[in-house]
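**Student:** Okay, handing you the structure first.
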Amino acid sequence: MMVSKNLRQITGVLGWVVLLLVLLFACLALYLPAAPSMPVDDVDPAWTMGMAYALANQLVIGRELIFTFGPFAGVYTKAYQPDIFHFSLYAATLMAAGLFLLLALLKRGVSYYWVLLLVFIPIGLRYMGDPIFLMYPYLLGLLLSRVLEPEQDSMRLPLTWPVKFAAVVVLLPLGLMPLIKGSFLVSCMGCIVLCLAYSAYHRNRFFLVAFSVVPVLGMCVGWRLSGYALADLPGYFSSMSPIISGYAQAMSDPGNEAPLLLFVAACLGLGWQLLFRSESAFSVRLFLALNAGMFLFLAFKAGFVRYDTHALVAGLCLLIAVLSVRLVRKEGVTAGLMVLAVLAWLAIDRSHRETSTDDFYQGIKGAVKATSALLRDYDDLSVEWKGQYRSASERIANDCGVPPAIDARLDIYPWRISCAIASDLNWSGRPILQSYSVYTKELLELNRDHLRGNRAPDVLLIDIAPIDDRYPSLDESLSWPVFVRDFQLAKHLDQFVQLQRREQRRELDRQRLQRVKARFGESVALPQESGNLWAEIELQSTLLGRLWALFIKPPEIFMAVTWADSGQSTYRLVPEIAAAGFLLSPTLSDREQFATWLNHGNGGSTVESIRLEAQYGVGVLWGSDYSVSFSRFDFPEDGVPVSADSADAEEVPHDVSDEGAVSYTHLRAHETSLHL
């Protein structure tokens with residue numbers, strides 16, 4: 001009898017050890033870049049390669065490089081860069097260790113398969129982006145709820161010293177996450193504020209101190225270990241503010257409403273069950289509902305603002321939120337809510353991926369195989385990956401057709417920066433790497449000023465390739481006058497036009513013509529003036545419109561363009577770029593038209609009139625009226641000397657009266673340190 005009892009105890013301990021080992025391995029498979037991606041000449045891989053190159057060369061994030069990713073971006077992108085890949089491995093290991101301890105603590109009193117599902121479902125679905133990071137602060141909230149439960153509650157987790165030590169460790173990744181992707185700061189700060197408020201309500205000093213100190217300490221240590229000075233940390237976060245704030249207006253994309261409505265219905269059902277279907281104290285129910293609400297709101301924004309494959313983020317986060325209720329409540333959620341959540345996920349998945357059971361199995365099999373190989377044969381894999389990286393770079397260089405003999409500092413517009421890096425050229429990129437991400441006036445000015453900075457490129461390779469059917473000249477709109485003034489056409493390449501910096505700058509003469517009021521849906525005739533027309537279009541968002549944009553997403557704005565030859569086309573208009581100003585006429589649809597225009601001052605299609613339309617919400621989310629200011633600017637002759645006093649000046653409108661009279665002033669363009 002005693003032998004049987006001891007055998008059961010040994011079997012139980014071995015079962016726990018095996019479970020913990022499986023859980024640890026799964027957490028490593030979730031975060032480790034065990035099968036890193038190699039460079040590819042495409043939009044997203046291009047910025048991934050640019051970020052890796054910038055980090056490997058210690059360009060200061062927030063000053064020389066402005067983007068929403070940080071020094072440990074490789075944990076998110078899973079991209080390989082030989083010089084910094086080890087940083088990605090270290091940071092991924094810390095994330096995996098934190099998640100392992102977090103789930104091991106939440107496992108108490110819960111069947112093991114609930115915990116394993118939370119890890120293996122993302123692995124099988126191969127959604128290794130936002131969901132596996134956004135769920136971390138959410139699970140931290142569940143852990144705090146378990147620890148601060150009333151003593152009589154069977155789900156309560158006693159706050160022993162081992163639990164305190166584990167809690168400190170699991171809080172460290174909360175400081176690391178914003179250094180992986182800066183926008184995760186919103187999720188982490190929301191978690192910290194909510195958990196501090198709940199800890200204060202329960203007068204728990206340990207968690208008040210832990211949530212206040214440990215994430216900040218982890219962030220500072222991680223930032224220093226990546227090679228940056230602490231003085232640069234505030235700039236890293238402040239610099240990405242315009243990228244985050246302008247994202248919804250510039251990058252939103254419509255999609256199928258049915259999956260979205262199912263997602264919202266499931267979220268509302270989960271909120272109702274957390275708040276009202278429980279006998280727990282109201283403070284517990286409110287905390288859990290707020291914790292889940294914050295998690296799912298961020299998932300909604302990540303998934304449905306740009307409603308393409310990003311929607312998969314929202315679908316997986318919904319599954320995680322519903323399944324994880326079992327970690328804090330014995331009854332979990334109702335079968336009806338579980339079915340609704342699965343239906344919402346299926347609707348999203350069928351619209352964008354159509355994952356089969358074999359795909360799920362292959363996802364788990366591939367992750368297990370890759371992670372095992374990484375843990376077992378890292379040195380051999382490192383040599384293999386370096387060879388693959390070189391081969392991929394050579395393919396990109398050959399496909400781009402960029403002359404290898406360019407020795408001068410160089411930048412590429414609008415997004416194919418991988419061509420410069422793969423060709424081992426002297427890439428001197430602008431602060432915001434890719435032109436489609438430059439969608440506010442502040443960002444436009446930063447990239448424009450870089451062209452006159454002390455690390456400005458002397459050679460530009462330019463193509464006209466806007467995304468989302470944007471009007472072509474919206475990309476880097478404020479830099480176009482600099483292209484005219486400071487650069488000249490050097491040659492035509494297969495996929496770019498090459499510009500060379502002028503020895504003498506051309507002075508750009510701009511004349512304000514008129515300012516008109518217009519209404520959505522009405523045609524606006526352009527001034528009957530020959531030459532190039534610059535437009536500044538100012539739209540007014542209502543208070544409801546700003547709230548709508550914050551909590552949902554703003555309606556898109558479109559501009560219907562009619563040309564002098566009676567042709568017509570409709571383009572996406574980004575309001576903040578339109579307000580900053582852009583070349584409206586002529587329309588330059590490709591690089592050949594751009595080259596002709598730059599060289600001769602004419603080319604493309606002359607615009608006769610425009611008409612603005614909104615996706616929806618005119619008069620409610622957008623004011624019915626808007627204003628358009630037209631200016632004309634002419635190209636001077638090549639080689640006109642510029643006086644020393646005006647060498648760094650740009651002629652811009654200074655003041656405009658209601659009648660359209662205009663005076664001008666010369667504003668000195670400062671030399672900026674925003675360079676790559």
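The values are calculated or read from the model by the stated rules, or taken from the named source; none is laboratory data. A quick note: this is a predicted structure, and the numbers were derived from the prediction, not measured. Glycine gets a Cβ as well: all are built from the backbone with ideal geometry, and neighbour counts include every protein chain shown. Ligands, DNA and RNA are excluded from the accessible area calculation, which covers all protein heavy atoms including side chains. Shrake-Rupley method; radii C 1.70, N 1.55, O 1.52, S 1.80 Å.
**Student:** Tell me, which residue of region 177-186 that is open to solvent by less than 10 Å² (accessible area, probe 1.4 Å) and in contact with a helix residue (DSSP H, G or I) (Cβ under 6 Å, 6 or more places away or on another chain) is nearest to residue 290 (Cα to Cα)? First the steps, then the outcome.
**Tutor:** Step one: filter region 177-186 for residues open to solvent by less than 10 Å² (accessible area, probe 1.4 Å), giving 177-180, 182, 184.
Imposing the further condition that a residue be in contact with a helix residue (DSSP H, G or I) (Cβ under 6 Å, 6 or more places away or on another chain) reduces the set to 177-180, 184.
Details: 177: 21, 178: 21, 179: 25, 180: 25, 184: 18 Å.
Residue satisfying both the conditions and the ranking: 184.
**Student:** Here's another thing I want to ask about it. Mind listing just one residue for me: the one in region 442-482 that is out of contact with any helix residue (DSSP H, G or I) (no Cβ under 8 Å at 6 or more places or on another chain) and of a type in the set (Asp, Glu) and, of those, surrounded by the fewest Cβ atoms within 10 Å (Cβ to Cβ)?
**Tutor:** 469
**Student:** What are the pairs with Cβ atoms under 7 angstrom where one residue, in region 22-37, is closer than 9 Å to residue 100 by Cα and the other, located anywhere, is open to solvent by 10 Å² or more (accessible area, probe 1.4 Å) and not acidic (Asp, Glu)? Sequence gap at least six, or different chains.
**Tutor:** Every condition considered, the pairs that remain are 23/100; 23/104; 23/116; 24/100; 26/116; 26/120; 27/100.
**Student:** For region 517-583, list the strands (runs of 3 or more DSSP E) that sit wholly inside it and hold at least 3 residues that are over 23 Å from residue 304 (Cβ atoms) and open to solvent by 30 Å² or more (accessible area, probe 1.4 Å); which are they? Step through it out loud before you land on a result.
**Tutor:** On the way: elements: 523-525, 532-541, 557-563, 568-573.
So the answer is 532-541, 568-573.
**Student:** Checking the condition open to solvent by 30 Å² or more (accessible area, probe 1.4 Å), in a helix (DSSP H, G or I) and either at pLDDT below 95 or out of contact with any helix residue (DSSP H, G or I) (no Cβ under 7 Å at 6 or more places or on another chain) (or both), which residue from 275, 233 passes?
**Tutor:** Working: 233 fails: open to solvent by 30 Å² or more (accessible area, probe 1.4 Å).
Criteria check complete, one pass: 275.
Listed here are the residues, each with its yes/no results for (1) closer than 21 Å to residue 426 by Cβ; (2) open to solvent by 30 Å² or more (accessible area, probe 1.4 Å); (3) in a loop (DSSP other than H, G, I, E, B); (4) not polar (S, T, N, Q).
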| position | (1), (2), (3), (4) |
| --- | --- |
| 20 | no, yes, no, yes |
| 35 | no, yes, yes, yes |
| 41 | yes, yes, yes, yes |
| 46 | yes, no, no, yes |
| 50 | yes, no, no, yes |
| 87 | no, yes, no, yes |
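**Student:** What number goes with the only condition from (1) closer than 19 Å to residue 101 by Cβ; (2) open to solvent by 10 Å² or more (accessible area, probe 1.4 Å); (3) assigned to a helix (DSSP H, G or I); (4) out of contact with any Ser or Thr (no Cβ under 7 Å at 6 or more places or on another chain) that residue 174 does not pass?
**Tutor:** (2)
**Student:** So which residues in region 584-593 are part of a loop (DSSP other than H, G, I, E, B) and either in contact with a Cys (Cβ under 8 Å, 6 or more places away or on another chain) or over 26 Å from residue 442 (Cβ atoms) (or both), if there are any at all?
**Tutor:** Our first condition is that a residue be part of a loop (DSSP other than H, G, I, E, B); within region 584-593, this holds for 586, 588-590.
Within region 584-593, 586, 589, 590 qualify.
**Student:** Scan region 211-226 for residues that are small (Gly, Ala, Ser) and surrounded by fewer than 20 Cβ atoms within 10 Å (Cβ to Cβ) and report the count. Before the answer, list the steps.
**Tutor:** The initial filter retains those residues of region 211-226 that are small (Gly, Ala, Ser), namely 212, 218, 222, 226.
Subsequent filtering for residues that are surrounded by fewer than 20 Cβ atoms within 10 Å (Cβ to Cβ) retains 212, 226.
So the count comes out to 2.
**Student:** Name the single residue, out of those in region 495-516 being at pLDDT 90 or above and either among the acidic types (Asp, Glu) or under 18 Å from residue 414 (Cβ atoms) (or both), that is most open to solvent (accessible area, probe 1.4 Å).
**Tutor:** The selected residue is 495.
**Student:** Could I ask something else about it? From the set of residues in region 193-210 that are free of Cβ contacts under 8 Å to residues at least 40 places away in the same chain and assigned to a helix (DSSP H, G or I), which is surrounded by the fewest Cβ atoms within 10 Å (Cβ to Cβ)?
**Tutor:** First, the residues of region 193-210 that are free of Cβ contacts under 8 Å to residues at least 40 places away in the same chain: 193, 196-197, 200, 203, 205, 208-209.
Pick out the ones that are also assigned to a helix (DSSP H, G or I) and you get 193, 196-197, 200, 205, 208-209.
Details: 193: 12, 196: 16, 197: 12, 200: 12, 205: 9, 208: 15, 209: 12.
Among residues in region 193-210 that are free of Cβ contacts under 8 Å to residues at least 40 places away in the same chain and assigned to a helix (DSSP H, G or I), the one surrounded by the fewest Cβ atoms within 10 Å (Cβ to Cβ) is 205.
**Student:** Being open to solvent by 10 Å² or more (accessible area, probe 1.4 Å) and closer than 26 Å to residue 185 by Cα narrows it down to one residue among 293, 303; which is it? Walk me through how you get there before you give the answer.
**Tutor:** Details: 303 fails: open to solvent by 10 Å² or more (accessible area, probe 1.4 Å).
Checking each option against the conditions leaves just 293.
**Student:** Could I ask something else about it? Give the residues of region 363-377 that are open to solvent by less than 80 Å² (accessible area, probe 1.4 Å) and either part of a helix (DSSP H, G or I) or in contact with a strand residue (DSSP E or B) (Cβ under 9 Å, 6 or more places away or on another chain) (or both), sorted by residue number. Give the steps one after another, and end with the answer.
**Tutor:** First, pick out the residues of region 363-377 that are open to solvent by less than 80 Å² (accessible area, probe 1.4 Å): 363-364, 366-368, 370-374, 377.
363, 364, 366, 367, 368, 370, 371, 372, 373, 374 - these are the residues of region 363-377 that are open to solvent by less than 80 Å² (accessible area, probe 1.4 Å) and either part of a helix (DSSP H, G or I) or in contact with a strand residue (DSSP E or B) (Cβ under 9 Å, 6 or more places away or on another chain) (or both).
**Student:** If you don't mind, there's one more thing I want to ask. Under the condition of being basic (Lys, Arg) and touching a Phe, Trp or Tyr at 6+ places or on another chain (Cβ under 9 Å), which residue from region 393-441 is most open to solvent (accessible area, probe 1.4 Å)? Let's see the steps before the verdict.
**Tutor:** Of the residues in region 393-441, the ones basic (Lys, Arg) are 395, 409, 416, 430, 441.
Those left that are additionally touching a Phe, Trp or Tyr at 6+ places or on another chain (Cβ under 9 Å): 409, 416, 430.
Details: 409: 62, 416: 30, 430: 1 Å².
Only one residue fits best here, namely 409.
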